[in-house]
Amino acid sequence: RRLACHDAGMRGLVIYLVLASSALAGTIDDDIADARYREYGETFAPYTARIVGVQTDDSPAFATCTLVAPEWALTAAHVVEEMATCCVVTGKAAHKIDRIVVHPDYVRIFADDIALVHVETPFGLKRYPPLTDGTEAVGSVCAAAGYGVTGPITVGFTTGDAEIRAGTMVLDYIEGTNYICKIDRGRSPLPFAIAPGDSGGGLYAAASDGRTVLVGVNSFTSKRGKPPMRSAVGEESGHTRVALYLDWIHEVAGIR
């Protein structure tokens, strides 16, 4: 479309959308300095941006996206499906979104939660992150980046500061169209969990040839039992598998 987010049945889990509607990145290990997460986030910053907009009910919304081509960014469908106006913010520049393409199979958060947005003015990057070829391995270490709220991983998110952060997880298993990563400490070098505002950001892992590629789109956090969910130890995060949508991405945006 052109412009002018629970109770879930999936495995009996409770799921919430990681789209922030207030302050603006993921929860971090209590014993690791926040500066390390912000420094790691800077490695993804050239092509990780914020989506800022107003939803159809006039409420503000903030989320994350990955720049994948001069005029295209990849994000989560639930981020943009109810937005009336929005833009991609890169550094000090705001790129107005003039077209939103939600995947045609998207219905609810836990399946096909992927979208492309087109901007009026090119991003102007020298390079964009390579997309997965589907050879990343379940059980390997991955990394997620975003502009979401943050806090200690044992307690959950508590605050936001509009800073990009990134950290590591493990591609624990596949369920439907998603990679599922368990939120825990000690299983990867820089333990991290996506939180509100990180939706639409990128999940990265190594392809079989050793390249770091974009393998997922941050989508949701889930837990067994009742809310609240805080992106804390014992919960899980879900990330839409980009490999399933390569043909669609090529068809819409001409990206391979």
query: To one decimal place, what orientation-averaged projected area in nm² is obtained for the convex hull of the Cα set of the chain?
result: 12.3 nm²
- prompt: Lysine pairs in the chain with alpha-carbon atoms under 24 Å apart, 8 or more places apart or on different chains: how many are there?
  reply: 4
query: Can you give the relative contact order of region 175-256 as a percent, counting alpha carbon pairs under 8 Å and 6+ residues apart?
result: 33 percent
- request: Give, rounded to the nearest 20 debye, the magnitude of the charge dipole that region 41-132 has about its Cα centre when Lys and Arg contribute +1 at Cβ and Asp and Glu contribute -1 at Cβ.
  value: 460 debye
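Which net charge results when you count Lys and Arg as +1 and Asp and Glu as -1 among the other residues whose beta-carbon is under 12 Å from that of residue 220? It would help to have the intermediate numbers written out before the result.
Details: positive: 108, 223; negative: 113, 175, 198, 235, 236.
Net charge in that neighbourhood comes out at -3.
Rounded to two decimals, what is the ratio between the C-alpha radius of gyration of region 116-178 and 2.2 N^0.38 Å? Each step should come with its number before you reach the end.
Working: Rg = 15.8 Å, N = 63, 2.2 N^0.38 = 10.6 Å.
Normalised Rg, Cα atoms only: 1.49.
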- prompt: Taking amide H positions as placed 1.01 Å from N in the peptide plane, with prolines and chain starts having none, which residues 5 or more places from residue 29, or on another chain, fall under 5 Å of its amide H?
  reply: 153
- request: Considering only protein heavy atoms, with the full assembly of protein chains and a 1.4 angstrom probe, order 118, 95 by accessible area, largest first.
  value: 118, 95
query: So, with +1 on the Cβ of K and R and -1 on the Cβ of D and E, and no other charges, what is the size of the charge dipole of the chain about its Cα centre, to the nearest 20 debye?
result: 160 debye
- prompt: Just how large is the dipole of region 87-163 about the Cα centre, in debye to the nearest 20, putting +1 at every Lys and Arg Cβ and -1 at every Asp and Glu Cβ?
  reply: 280 debye
field: Heavy-atom accessible area per residue - region 48-200, 1.4 Å, Å²
entry: 36 Å²
- request: Add +1 for every Lys or Arg and -1 for every Asp or Glu among the other residues with Cβ under 13 Å from the Cβ of residue 210, and state the total.
  value: -2
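When the accessible area of region 93-230 is split by element with a 1.4 Å probe, what percent falls to carbon and sulfur? Kindly include the intermediate steps, with their values, before the conclusion.
On the way: 2790 of 5240 Å².
Carbon and sulfur together cover 53 percent of it.
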field: Among 139, 164, 154 - extreme Cα towards positive end, dipole of region 133-182, charges at beta-carbon
entry: 154
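The values are calculated or read from the model by the stated rules, or taken from the named source; none is laboratory data. None of the values given here were measured: they were computed from a predicted structure. No Cβ is skipped: glycine too gets one built from the backbone with ideal geometry, and neighbour counts run over all protein chains shown. Accessible surface areas use protein heavy atoms only, side chains included; no ligands, DNA or RNA. Shrake-Rupley method; radii C 1.70, N 1.55, O 1.52, S 1.80 Å.
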